[in-house]
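The values are calculated or read from the model by the stated rules, or taken from the named source; none is laboratory data. In this text, all values refer to a predicted model and were calculated from it rather than measured experimentally. Glycine gets a Cβ as well: all are built from the backbone with ideal geometry, and neighbour counts include every protein chain shown. Accessible surface is based on the protein model in full, side chains and every heavy atom, while ligands, DNA and RNA are left aside. Shrake-Rupley method; radii C 1.70, N 1.55, O 1.52, S 1.80 Å.
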Amino acid sequence: MSPALTWVGEPGYWLVDDPDLSRQVLTTDSFSSSTLTPSFDRFVSERVKEECAFLLDVLSRWFVDQDPPEHTAERRLCQPHFSRGLLDQLAPDIRRIVVEVMDSLPDHPDAVTDISRPISARVIGLALGMGDVDAAVLHRWSDDIARFVGAVYRADYAAAAQRSVMEMADFVERHLTVRGDAGPIGPYRGSDRRQNIAAHTMMLFGGLETSARLLSQLIWAVTTRERTNRAGIDDVDDIIDRVIRRFPPIKFVTRISAADVDLHGTTVRKGDLVLVSLTSATDGPAPALAFGAGRHFCLGMTLTLLEARIVLEEFLARYPEALVDTDGVGPSDNSLYHGFERLPLRL
């Protein structure tokens, strides 16, 4: 074994911490994405399984954690809502949202609560063809799910996560609306009612967590003198690429070995859990791993990068001398995510 592949004895999984090896795991059929049900079986108590059955059922239906043919079928239904052409049409509305949020900033804003969270909530609501969304409520739901997943399904987080998933399901069924009469497509519809709920909760959670954490990470990068050559801030896409390589919003994804596999000179046994790092090398021609690789490459990547580009453009144009108030910074308290809980700014 080497630092690229190590065995973590408690709770028992392989850690892949090398970009090339991560890409290999993510792009081969030797590793299954269907990890939630086996993980629940391994780590969730019988009491939680009984009391939080709705939560576990919905999460286990998230197609990002399924293999073909289920993954292929549900992803195909979702894909038109994240097409390049459709997002180009939404770009003016995304910029309008960003401008409205920037125009309403207080004198001493927090980049998390005043910028990244309201923008990410309104943008994912727009992309999914939903009505008005309450950013604070959506992020409360997302936080509850993130705590449950990020803490390896701790029992004390399960009840809160179940309540939030139930509220999300109710929100989806009551507030889903067609995206305007002139829109080219209506809202996403899953293959059946339960799958529709699962896909929407997955996209709400994924869209909120990924974009909100990336936006705050980007603002941190351009407002911290120690981390950025401020005189050289002129290429927004380059800033985004550097940040997602070093600090991907999601640090790891999980896979399960579908067979005995020789990986980096080590035998990974069938059924072994594999934690795959999404942190890329800081240079080199290979694409960043922040949005995964292979058939599970993040469907919302184009939306997230568009949103990030618009936010940086508007922020840098308005606040070229903004700085982080480092005394008040609160890093993420979730081990699976980069980002911040608090990021106060001096504009």
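Annotations
- Between residue 323 and residue 108, the simple spin-label model (points 7 angstrom out along Cα→Cβ) gives 1.4 nm.
- Relative contact order of the chain, defined on C-alpha pairs under 8 angstrom at six or more residues apart (%): 26 percent
- Ranked by the mean number of other Cβ atoms within 10 Å of their residues, highest first, the peptides 297-310, 34-47, 79-92 fall in the order 297-310, 34-47, 79-92.
- Exposure of residue 166 as accessible area (Å², to 10), given a probe of 1.4 Å and all protein chains: 90 Å²
- For the stretch 28-34, backbone phi angles converted through the Karplus equation (6.51, -1.76, 1.60; θ = phi - 60°) give residue-by-residue couplings of 10, 6, 5, 10, 8, 8, 7 Hz, Gly and Pro being listed as x.
- Phi-based couplings in Hz for the stretch 47-53 (Karplus 6.51, -1.76, 1.60; Gly and Pro marked x): 5, 5, 4, 6, 6, 10, 4
- Taking the charge dipole of the chain about its Cα centre, with +1 at Lys and Arg Cβ atoms and -1 at Asp and Glu Cβ atoms, the residue from 214, 130, 271 reaching farthest to the positive side is 271.
- Accessible surface, per residue, of the chain when the full set of protein chains is kept, probe 1.4 Å, Å²: 45 Å²
- Amide H contacts of residue 18 (H built 1.01 Å from N, under 5 Å, at least 5 apart or other chain): 277
- Computed from backbone phi, the HN-Hα couplings of the stretch 13-27 come to 7, 8, 10, 9, 10, 8, x, 5, 5, 4, 4, 4, 5, 6, 10 Hz, rounded to whole numbers (Karplus: 6.51 cos²θ - 1.76 cosθ + 1.60, θ = phi - 60°; Gly and Pro given as x).
- The chain shape via C-alpha gyration tensor axes, a/c threshold 1.5: oblate
- Electrostatic bookkeeping for residue 6 treats Lys and Arg as +1 and Asp and Glu as -1; over the other residues with beta carbon under 14 Å from its beta carbon, the sum is -4.
- Close amide H contacts of residue 299 (hydrogens built in the peptide plane, cut-off under 5 Å, sequence separation of 5 or more or a different chain): none are found.
- The chain, accessible surface, carbon-and-sulfur percent (1.4 angstrom probe): 50 percent
- Sequence-distant residues sharing a close amide H with residue 340 (under 5 Å, placed H): 332
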